Amino acid sequence: MDEAACLGRGREAPDDGGAERPAAGDGARDAGPSAPAPKPWFVYLVRAANGALYCGISDDPRRRFGQHCSGKGARFFHSSPAVALVHVEACADKGAALRRERAIKRLPKRAKERLLGPSPIIQRVDDTPSA
């Protein structure tokens with residue numbers, strides 16, 4: 001697992017979609033203070049109506065959850081709709097998020113359930129803002 005590259009392994013997705021984050025790099029190649037911070041990526045888990053867990057990555061997990069709820073996105077939810085965003089992990093970059101997603105997908109369901117913690121709902125379908 002590439003847990004070291006996934007930061008702040010909490011369950012909260014950012015509401016503002018882009019809080020300040022430290023820039024990556026060794027300083028030699030950075031363009032200075034005006035260089036934008038690397039875009040954060042997240043690994044997330046969504047609970048389906050049938051109890052299954054879907055794992056995916058996004059640069060905005062709340063927006064992506066809204067897409068899952070509206071029937072857009074993964075075909076996984078065609079048979080059983082998304083009901084709750086239950087877990088979010090911040091990762092350093094897209095590559096780290098893809099590696100973490102792969103590691104989570106390899107886990108048995110029982111281990112995935114343990115990732116969720118005691119109060120596993122971050123956002124429900126009825127809390128999803130309409131676009």
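FYI, it's all coordinate maths here, none of it is from the lab. Computed from a predicted model, the values in this text were never measured in an experiment. Here the Cβ is made from the backbone with ideal geometry for all residues, glycine too, and neighbour counts use every protein chain on show.
A few notes on this one:
- Label-point gap, in nm, between I121 and S34 - each point 7 angstrom along Cα→Cβ: 4.8 nm
- For segment 68-131, the set of trypsin sites (Lys or Arg not before Pro) satisfying both a DSSP loop assignment and a count of at most 14 other C-beta atoms within 10 Å is given as K72.
- Semi-axis lengths (Å, descending) of the ellipsoid that matches the C-alpha gyration tensor of segment 38-131: 19, 16, 12
- Applying 0.36 nm per residue to the separation of F76 and R114 and subtracting their alpha-carbon distance, the gain on full extension is 11.5 nm.
- Length-normalised contact order for segment 47-101 - Cα pairs under 8 Å, 6+ apart - percent: 42 percent
- Of all lysines in the structure, the ones whose alpha carbon falls short of 25 Å from that of K109, not counting any fewer than 8 places away in one chain, are K72, K94.
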